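K.L.:
Here's a structure for you.
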Amino acid sequence: MNPVRVKICGVTRAADARAAAAAGADAVGLNCYPGSRRYVPVAQLAPLAAALPPFVAPVLLFVNAAPAEVAAALERVPHALLQFHGDEDEESCASYGRPYLRAVAVAREGALLDFESRFPSAAALLADAPAAGYGGSGKVFDWSQVPPPPARRKPLVLAGGLTADNVAAAILATRPYAVDVSSGVESDVKGIKDPVRIFEFISAVRAASQSIKP
């Protein structure tokens with residue numbers, strides 16, 4: 001299969017952004033949701049994005065943000081992709097004229113296909129575990145609820161409790177386009193990434209990509 005892409009999400013420091021890029025990450029997520037412990041204020045977005053080399057994409061994550069908030073973030077990082085984790089509908093997600101990921105809390109079989117129909121303009125869907133509030137829960141969900149690749153029409157980004165220890169099994173079970181990790185590569189402090197864990201995670205993803213036949 002093609003190499004599975006890797007997104008390191010919840011980055012709050014330039015050093016962590018550089019560590020993710022050095023380890024081979026394809027994208028780095030910056031959390032613009034004030035309710036998150038990994039929240040990045042709008043004034044800090046540009047310096048974090050500037051720490052990334054060419055071809056490593058910044059992704060701005062929002063939860064029910066006002067259009068002015070999204071616009072202000074895009075002024076700082078105009079080349080960013082967008083990611084929506086709240087109650088946003090397809091019209092609002094598409095209104096910024098930017099490629100976007102739409103998060104799906106996979107609580108039942110068929111949830112992903114429902115969102116494919118509801119969000120035809122999405123660049124990809126991000127499958128995550130259900131959470132009590134908004135955003136990721138850091139927990140693994142039932143991967144059997146993800147439809148097989150022939151049934152999917154959009155690229156799948158798999159999230160939810162991934163670590164270097166379980167990501168190979170996750171890739172084998174779901175055959176995603178990309179995987180998304182946050183807490184699974186952190187130190188004991190939320191929002192502070194561990195360069196060793198990032199390297200181990202991405203190495204596990206690369207090994208799984210090479211070992212799985214189409």
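K.L.:
For the subset of the range 153-174 comprising residues that are in contact (Cβ under 8 Å) with a residue 40 or more places away in the chain and out of contact with any strand residue (DSSP E or B) (no Cβ under 8 Å at 6 or more places or on another chain), which member is nearest to residue 36 (Cα to Cα)?
P.N.:
This residue is 164.
Yes or no, residue by residue, for (1) open to solvent by 60 Å² or more (accessible area, probe 1.4 Å); (2) farther than 15 Å from residue 9 by Cα:
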position	(1), (2)
95	yes, yes
99	yes, yes
103	no, no
107	yes, yes
112	no, yes
115	no, yes
119	no, yes
123	no, yes
128	no, no
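K.L.:
Next question, about the same structure. May I ask you to list the residues in the range 142-159 that are in contact with an Asp or Glu (Cβ under 6 Å, 6 or more places away or on another chain) and of a type in the set (D, E, K, R)? Working first, answer last.
P.N.:
Of the residues in the range 142-159, the ones in contact with an Asp or Glu (Cβ under 6 Å, 6 or more places away or on another chain) are 145, 153-154, 157, 159.
Passing the criteria: 153, 154.
K.L.:
Can you name the number of the only condition in (1) open to solvent by 20 Å² or more (accessible area, probe 1.4 Å); (2) farther than 30 Å from residue 149 by Cβ; (3) not basic (Lys, Arg) that residue 16 fails?
P.N.:
(1)
K.L.:
From the list 81, 48, 61, which one is buried (at least 17 other Cβ atoms within 10 Å of the Cβ), in contact with a Pro (Cβ under 6 Å, 6 or more places away or on another chain), at pLDDT 95 or above and not basic (Lys, Arg)? Talk me through it step by step, then tell me what you get.
P.N.:
On the way: 48 fails: in contact with a Pro (Cβ under 6 Å, 6 or more places away or on another chain); 61 fails: in contact with a Pro (Cβ under 6 Å, 6 or more places away or on another chain).
On inspection, the qualifying residue turns out to be 81.
K.L.:
Continuing with this model, one more query. Which residue, of 114, 165, is among the acidic types (Asp, Glu), over 17 Å from the mean Cα position of the chain (by Cα) and in a helix (DSSP H, G or I)?
P.N.:
Numbers: 165 fails: in a helix (DSSP H, G or I).
So the residue among 114, 165 that is among the acidic types (Asp, Glu), over 17 Å from the mean Cα position of the chain (by Cα) and in a helix (DSSP H, G or I) is 114.
The values are calculated or read from the model by the stated rules, or taken from the named source; none is laboratory data. Predicted model only: the values in this text are computed from it and were never measured. Here Cβ is always computed from backbone atoms with ideal geometry, including for glycine, and neighbour counts include all displayed protein chains. Just so you know, the surface numbers come from the protein's heavy atoms only, side chains and all, with ligands and any DNA or RNA stripped out. Shrake-Rupley method; radii C 1.70, N 1.55, O 1.52, S 1.80 Å.
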